[in-house]
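Enquirer: Next up is a structure, given as structure tokens.
The values are calculated or read from the model by the stated rules, or taken from the named source; none is laboratory data. All of these numbers come straight from a predicted model, not from anything done at the bench. For neighbour counting, all protein chains shown are included, and Cβ atoms are generated from backbone atoms with ideal geometry for every residue, glycine included. For accessibility, only protein heavy atoms count, side chains too; no ligands or nucleic acids. Shrake-Rupley method; radii C 1.70, N 1.55, O 1.52, S 1.80 Å.
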Amino acid sequence: MPSELEITYQTPSQPRQLRLDTVMNKCNAQCLSCHRVLSDRKGVMPLKLAEGIIDDVARWDHSLTEIVPVNYGALFLYPPWFTLLQIIQKKLP
């Protein structure tokens, strides 16, 4: 087993995961384990902003391992949810 001095970690130059806050703090479930109740963020991310972020990520050298289209909330409460998934599928295959 390596000692603490022998353990190294390489920080990636780019994130491996993308989380979009498309619907901030908007959910129809009341999960006991969810910490969204601690946040006072409100609102909906404009689709153009989400698409711009996806365009930026598509230009990265490395692909993502995971894309989470909603962070604190329910994806189906985001009005253009299906369009967003189509954009992700097209630009980040």
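Enquirer: Enumerate the pairs (first residue in the stretch 35-51 and among the β-branched types (Val, Ile, Thr); second residue anywhere and assigned to a loop (DSSP other than H, G, I, E, B)) with beta-carbon separation below 8 Å, excluding pairs fewer than 6 apart on the same chain, so at least 6 apart or on different chains.
Expert: Val44/Thr22; Val44/Tyr78; Val44/Pro79
Enquirer: Within the stretch 1-50, track down each residue that is basic (Lys, Arg) and either closer than 21 Å to Glu66 by Cβ or in a loop (DSSP other than H, G, I, E, B) (or both).
Expert: Residues satisfying the conditions are Arg16, Arg19, Arg36, Arg41, Lys42.
Enquirer: I've got another one for you. Tell me which residues, restricted to the stretch 81-93, are surrounded by 13 or more Cβ atoms within 10 Å (Cβ to Cβ) and without any contact (Cβ under 8 Å) to a residue 24 or more places away in the chain.
Expert: Result: Leu85, single match.
Enquirer: Here is a follow-up. Suppose we keep only residues that are open to solvent by 80 Å² or more (accessible area, probe 1.4 Å) and within 14 Å of the chain's Cα centre (by Cα) within the stretch 64-80. Which one would you say is modelled with the highest pLDDT?
Expert: Across the stretch 64-80, the extreme among qualifying residues is Glu66.
Enquirer: Report, by residue number, each residue of the stretch 11-48 that is under 15 Å from the mean Cα position of the chain (by Cα), of a type in the set (A, V, I, L, M, F, W, C) and open to solvent by less than 40 Å² (accessible area, probe 1.4 Å).
Expert: Leu18, Leu20, Val23, Met45
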